[in-house]
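None of the figures in this text is laboratory data; all of them are computed from the coordinates on show. Everything numeric here is computed off the predicted structure, so don't read it as measured data. Here the Cβ positions follow ideal geometry from the backbone for every residue, glycine too, while neighbour counts run over all protein chains shown.
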Amino acid sequence: MPWTYLLECADGKYYVGSARDLEARLQQHHTAQIGFTSTRRPLKLVWHAEFDNIAEAHAIERRIHGWSRRKKQALIAGDITLLRTLSQRRTSSSDSASGPS
């Protein structure tokens, strides 16, 4: 089954990916066969989810790529309330004036 996953790199950055075979893909990361993570080892799998098809896994991967670090951390922690709060669009002028968080 296809998966979307998040790795935490040694430098604290997050890597988001998707794969049909999660175990094989993680092995590629751990043996430095993947460019971005090859110089950021050791790696830690911090979140993963299984999907019905690879298209769905890729779509979730692309969505997560656009998220802030804080939102990714809420996903990893399983904090659905915070994730929903961070997902709401800012609508007031004071929110937009404060800039990105």
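Structural remarks
- Approximating the spin labels as points 7 Å out from Cα along Cα→Cβ, the H30-to-D52 distance works out to 3.2 nm.
- Mean separation of Cα contacts under 8 Å (6+ apart) over length of the range 3-90, as relative contact order %: 31
- Net charge of neighbours whose Cβ lies under 10 Å from the Cβ of K13, counting Lys and Arg as +1 and Asp and Glu as -1: 0
- Hydrodynamic radius by Kirkwood, which averages 1/r over all alpha carbon pairs of the chain, in angstrom: 14.7
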